[in-house]
Amino acid sequence: NIYPNPTRGLFNISFIAEKIDNFEITIVDAFGKLISQEEKQDFIGEYAKQVDLSNYPKGIYMIQIRTRKSFVSKRVIVQ
């Protein structure tokens, strides 16, 4: 879950991992430039993080969450 979207720069990422897994959470801009990367090893439970992109240009950013078996990509719009 990513909210609010669109945003002025501050937004939240949250999800629940029901099984122990390794996570990689990556934020890239529209050109594929790496903005942020975080890894969680052997994680289970609720993940919640506030992200601040207010110092970055307005535009579309991709939030990518990768596990051993899945990949989710969501767009967030910074206005």
Pairs, please: C-beta under 7 Å, at least 6 apart or cross-chain, first residue farther than 18 Å from residue 51 by Cβ and free of Cβ contacts under 8 Å to residues at least 24 places away in the same chain and in segment 7-35, second open to solvent by 20 Å² or more (accessible area, probe 1.4 Å) and hydroxyl-bearing (Ser, Thr, Tyr)?
none
Could you please tell me which pairs satisfy a Cβ distance under 8 Å, a separation of 6+ or placement on different chains, a first residue in segment 62-79 that is more than 16 Å from residue 39 (Cβ to Cβ), and a second residue that is open to solvent by 100 Å² or more (accessible area, probe 1.4 Å) and not aliphatic (A, V, I, L, M)?
62/74; 62/75; 78/8; 78/58; 79/8; 79/58
I'd like the residue in segment 23-42 that is open to solvent by 40 Å² or more (accessible area, probe 1.4 Å) and polar (S, T, N, Q) and, out of all such residues, is nearest to residue 75 (Cα to Cα).
37
Could you tell me whether residue 3 is touching a strand residue (DSSP E or B) at 6+ places or on another chain (Cβ under 6 Å), surrounded by 15 or more Cβ atoms within 10 Å (Cβ to Cβ) and hydroxyl-bearing (Ser, Thr, Tyr)?
no
Against the condition farther than 12 Å from residue 2 by Cβ and not in a strand (DSSP E or B), how does residue 19 come out, does it pass?
no
Residue under question is residue 54, and the condition is that it be surrounded by fewer than 14 Cβ atoms within 10 Å (Cβ to Cβ), in a loop (DSSP other than H, G, I, E, B) and out of contact with any Ser or Thr (no Cβ under 6 Å at 6 or more places or on another chain); does it hold?
yes
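The values are calculated or read from the model by the stated rules, or taken from the named source; none is laboratory data. Given the structure is predicted, the values throughout are model-derived calculations rather than measurements. Note that we place each Cβ from the backbone using ideal geometry, even for glycine, and neighbour counts take in every protein chain shown. With ligands, DNA and RNA removed, areas are computed over all heavy atoms of the protein, side chains included. Shrake-Rupley method; radii C 1.70, N 1.55, O 1.52, S 1.80 Å.
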